[in-house]
Amino acid sequence: MLFASAATAVLTGCGTVSAIEAQTRPSTPPVVPTADMVASPTPDVAQTLAALETLPVKGRAPKTGYTRNEFGQAWSDDVTVAGGHNGCDTRNDILGRDLIDRTYKDGTKNCVILTGTLNDPYTGKTIAFTRGKDTSSSVQIDHVVALSDAWQKGAQQLDDTTRRNLANDPRNLLAADGPANQQKSDGDAATWLPANKSFRCVYVAKQVEVKAAYQLWVTQAEKDAIARVLSACG
């Protein structure tokens, strides 16, 4: 499980960017996780807490220099994480993973999603998705660790390739209710948690997993918030 490997990497001081990139590069041809993999069971609380303890605790760095472009072209397929170089952009990869009852645009080799249904993890609502200028935004792809948050907690120090991986890593992406995603903005666990309380354990575990994988830090308030959520997980 990633928590253990990530924790080991941090504890042994594997702090170079090349080490991070090696962690995120698949050894076999990329495969996008299935919908079943997204419906995560309650995480291993002990392992998640152990991984949380490996994360450095620091203050939030200035946002100076942050733009979305620092993480590469949006939804790039040119990445070395799962789903990279599969001929489909990351947004459609995640829609294809997280939606059910999907239909696809003809001629796109089951890449471009036209319609589907999202059982939204953040609100618990069921949302009908229809691709279109005025409708696509009802389902958005959320960065579980927001890119701006990542930038202020270590991602400034990553190279371009690793930042592009972070922005397109399926572990850090979830299809979600558009308004809920907008409400979250670039918040961390100290400032925003899903309204759907039954998903909070999985949500903070994903944040720990991603921050450990990319050697990002947490603020004290963020760490305390994550620990509080995990203390209530079964």
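The values are calculated or read from the model by the stated rules, or taken from the named source; none is laboratory data. None of the values given here were measured: they were computed from a predicted structure. Cβ atoms come from the backbone with ideal geometry, glycine included; neighbour counts cover every protein chain shown.
On the stretch given as region 124-147, residues that are under 19 Å from residue 74 (Cβ atoms), of a type outside the set (Asp, Glu) and in contact (Cβ under 8 Å) with a residue 24 or more places away in the chain total 12.
Among the strands (runs of 3 or more DSSP E) confined to region 44-159, the ones with at least 2 residues that are under 17 Å from residue 178 (Cα atoms) are located at 113-119, 126-130, 139-143. Listed by first and then second residue, the pairs linking a residue in region 73-99 that is more than 15 Å from residue 161 (Cβ to Cβ) and in contact (Cβ under 8 Å) with a residue 12 or more places away in the chain to a residue that is of a type in the set (Asp, Glu) and crowded, with 20+ Cβ neighbours inside 10 Å, with Cβ atoms under 6 Å apart and 6 or more places separating them unless they lie on different chains, are 83/93. Would you tally the residues in region 114-128 being within 25 Å of residue 194 (Cα to Cα) and more than 19 Å from the chain's Cα centre (by Cα)? Number of matching residues: 7.
In a residue-by-residue description of region 38-55, the property of being modelled with pLDDT of 95 or more, touching a strand residue (DSSP E or B) at 6+ places or on another chain (Cβ under 7 Å), within 30 Å of residue 220 (Cβ to Cβ) and surrounded by 14 or more Cβ atoms within 10 Å (Cβ to Cβ) applies to at least one position.
Just checking, does region 147-155 include any residue being surrounded by fewer than 20 Cβ atoms within 10 Å (Cβ to Cβ), within 11 Å of the chain's Cα centre (by Cα) and not charged (D, E, K, R)? Checked against the condition, which is being surrounded by fewer than 20 Cβ atoms within 10 Å (Cβ to Cβ), within 11 Å of the chain's Cα centre (by Cα) and not charged (D, E, K, R), region 147-155 yields at least one hit.
How about region 211-234: which of its residues are hydroxyl-bearing (Ser, Thr, Tyr) and farther than 18 Å from residue 148 by Cα? Correct list: 231 only.
So which residues in region 200-230 are surrounded by fewer than 19 Cβ atoms within 10 Å (Cβ to Cβ), touching a residue at least 60 places away in the same chain (Cβ under 8 Å) and farther than 18 Å from residue 155 by Cβ, if there are any at all? Listed by number, the residues that qualify are 220, 227.
Pull up region 208-234, narrow it to residues that are of a type in the set (S, T, N, Q) and part of a helix (DSSP H, G or I), then point me to the one that is nearest to residue 129 (Cα to Cα). The qualifying residue nearest to residue 129 (Cα to Cα) is 231. Among residues belonging to region 160-207 that are among the small types (Gly, Ala, Ser) and in a helix (DSSP H, G or I), point out the one that is nearest to residue 72 (Cα to Cα). Residue satisfying both the conditions and the ranking: 167.
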